[in-house]
1. Filter the stretch A:93-116 down to residues that are of a type in the set (S, T, N, Q) and under 16 Å from the mean Cα position of the chain (by Cα) and give me whichever is surrounded by the fewest Cβ atoms within 10 Å (Cβ to Cβ).
2. (1) more than 24 Å from B:M125 (Cβ to Cβ); (2) more than 9 Å from chain A (Cβ to nearest Cβ); (3) surrounded by 19 or more Cβ atoms within 10 Å (Cβ to Cβ): which one isn't true of B:S207, the others all being true?
3. Tally the residues that are of a type outside the set (F, W, Y), within 23 Å of A:P55 (Cβ to Cβ), surrounded by 12 or more Cβ atoms within 10 Å (Cβ to Cβ) and more than 8 Å from every other protein chain (Cβ to nearest Cβ), restricting the search to the stretch C:17-40.
4. Checking the conditions here, which among B:G117, B:G128 is assigned to a helix (DSSP H, G or I), without any contact (Cβ under 8 Å) to a residue 60 or more places away in the chain, under 24 Å from B:T182 (Cβ atoms) and under 18 Å from the mean Cα position of the chain (by Cα)?
5. So, B:V187, is that one in a helix (DSSP H, G or I) and either under 30 Å from A:M137 (Cβ atoms) or among the acidic types (D, E) (or both) or not?
6. So which residues in the stretch B:53-111 are closer than 16 Å to B:A148 by Cα, in a helix (DSSP H, G or I) and of a type in the set (D, E, K, R), if there are any at all?
7. Could you say whether any residue in the stretch A:153-162 is modelled with pLDDT of 90 or more, in contact with a helix residue (DSSP H, G or I) (Cβ under 9 Å, 6 or more places away or on another chain) and surrounded by fewer than 19 Cβ atoms within 10 Å (Cβ to Cβ)?
8. May I ask you to say which residue of B:G215, B:G158, B:G176 is more than 14 Å from chain A (Cβ to nearest Cβ) and either crowded, with 23+ Cβ neighbours inside 10 Å or on the phi > 0 side of the Ramachandran plot (or both)?
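The values are calculated or read from the model by the stated rules, or taken from the named source; none is laboratory data. These figures come from a predicted structure and were not determined experimentally. As a convention, Cβ positions derive from the backbone with ideal geometry for all residues, glycine included, and neighbour counts pool all protein chains shown.
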Amino acid sequence: MTRPSPARSAARALRLLLPVAVTGLAVGTLYLAFFHAARERVMGDIQRIFYFHAPAGLVCFFAFFVTFLASIAYLATRRPVWDIVGRASTEAGLLLCSIVLLTGPLWARPVWGTYWTWEARLTTTLVLWLIYAAYLMVRRYTDDPDQQARFAAVLGIVGFLDVPIVYWSVRVWRGHHPLVLKVSGGGGLEQSMQHAFLGGVATYVALYACLMMLRVPMGRQEEELRWLRERAAAMRDAGSR
Amino acid sequence: MSLPASSSPAARAALNPGVLPGAGREARKAVLVCAKDLRIEWRNLDNLPAMFFFSLLILVIFNFAFDFASSDFRILAPGVLWVAFTFAGVLSFGHSFDLERDADCIQGLRIAPIDPGSLYLGKMMANGVSMLLVELVVLPLSALLFGADLLPVAAPLGAVVLAHTVGFAAVGTLFGAMTARTRRGDVLLPILLFSVSVPLMISAVKSTSALLSEGTLRGEAATWLTMACIFDVVFVTAAYLTFEYVLEE
Amino acid sequence: MDEATKFWYLFIAYDIVWLLIGGYVVWLGVRQNRIQRQIERLRALLGEEEDDRAEGTAGRAS
C-alpha cells in the first residue's frame, strides 16, 4: 500500500545512519574521556564519568524545552504531530534525566562520601524528573486521545515554566554554599577536558535525534492503530445490529 | 433588575454586568463563580469539615511522629503546618470539579457566556478561600498545640500564608480540573500538585520559619515572599491562559 | 576509599548509562513490533470485511 517516496527513503537512510553515528560518537567520546582528557587533580579518574553525566543533563533540558515548544505548537495548531513530538521528547528527556540522577550519586559517593547531596542542579534535575514522570502518568490515565494531548500540552508548558523557579528556589534554599563542582558549563575546564565534554554533548544530541527518529513514527503508528481499532469496533457494532 | 434610585453608579455597575467594561465584567463573573461555589459549600458543608478534620489529624499524627513538646516550634511547625494546609487543599481542589460533574454542571458552565479564564479565577478564589478558612482555624489551634504565641507575628504571618495559599490554589485548581476527567484522578492530583509546587513548598516553609524566628518580614522571609509572589504571578497567568484547553470537551 | 573501589564506581556508572539507553531502545523495539503486528492484523480483518461489503476504500490514518 505504501510506495517508497524519496522523502521516505531519505528517512530510512537517516534511520540507518543515525544509530551508526551515535555509536561512533560514543566510542569517540569514550576515547576522549579516558585517554585524551587530563586526569582531574583532586577527584582522580572517577571524574571521568563527568563526560557522560553533565552532557546528559544539558541535552535533557533541551529535550524538555522541545516538549515546551511542541506543547505550544500543539495548542496553537492542533496538529497531532506536535503532540507526538512532545511525547517523544519527554520520554527521551526523562531517559537522559534518569542517567543524570543515577550517575550523579555514583560519582558523588567516592568523591564526597555521600550518594546524594541536595545541590541545586542535582535537586532541580530530580524535580524535573518528577514533573515529567507525572506528565507521562497523566497521559497514561487519560483515555480520550484529544484530551490526553491537550492535558499533556498544558503540563508541558506549566512544567517548563517551573524549571527556573525550581532552580532559583533550590539555590536559595541551600544557601550559597561553595559548589563542590567547578566544572560546570565547560568554561573552567582544561582544553583536553573540554574536548571530551563536547564529545559527550555531541553523542547525546545524536542520541536524542536518533530516539526522536524512532519514537515519532511510532507515535504515528499508534495513532493509526487507534483509528483502525475504532473502525473495527464500529464494524463489529454494525455487524451485530 | 430594579435598583433603588439612590444607589451610586459604582454600586449599580457592580450589580449589572452590562454596564461594565470587558475586564471588569469578567472579574465580576469570576466573583460570581467563586460565590456560587462557596454558597454550595455553605449550604451542604460537604468539604470544609473534611478539610478541617484532615489537617487537624495531620497535626496530631505529626505530633506522634516528631513529638512537638520536646522540639523547637520554629523549626518543626512550618513544615508540619504547610503539609497540613496543602493536603487539606488537595481535598478542595479535587472536590471543586467533582461538584460540576453532578448533573453535568460543567456543560452548563462551558456554554455560559463566561471566559474560561474567568471561570478559572473564580474556581481558584473559591479554593483559596476554603484553604484560608482552614488555615484561620488550624493556625491558632497549632499555636495551642505547640505552646507558642503567634499573636505578635499575626499580620506578617497572614501575608505569608496568603501569598502561598494563592500559589497552591492556582496550581491546584488547574490540575484539579485536569484530573477530574482522568482515571485515578484522586491519585494524579497530588502527584501533579506536589511535583510542580516544589518551589512554593520550599518558600512556604522557609518564609514561615524565618518569620517565626526573626519576628519580621525583613531579611530572609522577604526573599521567599518575593519568590512566592513570582510563582503566583507566573502560574496564575499560565493557568488563566491554558484553562480553556483543559475545560474543552 | 582506594583507587580500585573508585574504579568500580566509575565502571558501574558507565554501565548504567549504556543499560538505560539500551533498555529504552529495546522497549521501543518491543512496542514497535507489537503495534506493527496489531496494525497488520486489524488491516487484514478490516480488509476482509470490506471486501465482503464491497467497499473499496482501504483506509489509512491521516
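1. We begin by selecting, within the stretch A:93-116, every residue of a type in the set (S, T, N, Q); these are A:98, A:103, A:114.
Pick out the ones that are also under 16 Å from the mean Cα position of the chain (by Cα) and you get A:98, A:103.
Numbers: A:S98: 21, A:T103: 26.
It comes out as A:S98.
2. Of (1) more than 24 Å from B:M125 (Cβ to Cβ); (2) more than 9 Å from chain A (Cβ to nearest Cβ); (3) surrounded by 19 or more Cβ atoms within 10 Å (Cβ to Cβ), only one is false for B:S207: (1).
3. Residues of the stretch C:17-40 that are of a type outside the set (F, W, Y), as a first pass: C:17, C:19-23, C:25-26, C:28-40.
Adding the requirement that they be within 23 Å of A:P55 (Cβ to Cβ) leaves C:17, C:19-23, C:25-26, C:28.
Now restrict to residues that are surrounded by 12 or more Cβ atoms within 10 Å (Cβ to Cβ): C:17, C:19-21, C:23, C:25, C:28.
If we keep only those that are more than 8 Å from every other protein chain (Cβ to nearest Cβ) too, we end up with C:19, C:23.
Total meeting the criteria: 2.
4. Values: B:G117 fails: without any contact (Cβ under 8 Å) to a residue 60 or more places away in the chain.
One residue alone meets the criteria, B:G128.
5. Yes, satisfied.
6. B:R74
7. Yes, the stretch A:153-162 contains at least one residue that is modelled with pLDDT of 90 or more, in contact with a helix residue (DSSP H, G or I) (Cβ under 9 Å, 6 or more places away or on another chain) and surrounded by fewer than 19 Cβ atoms within 10 Å (Cβ to Cβ).
8. After ruling out the rest, the residue left standing is B:G215.
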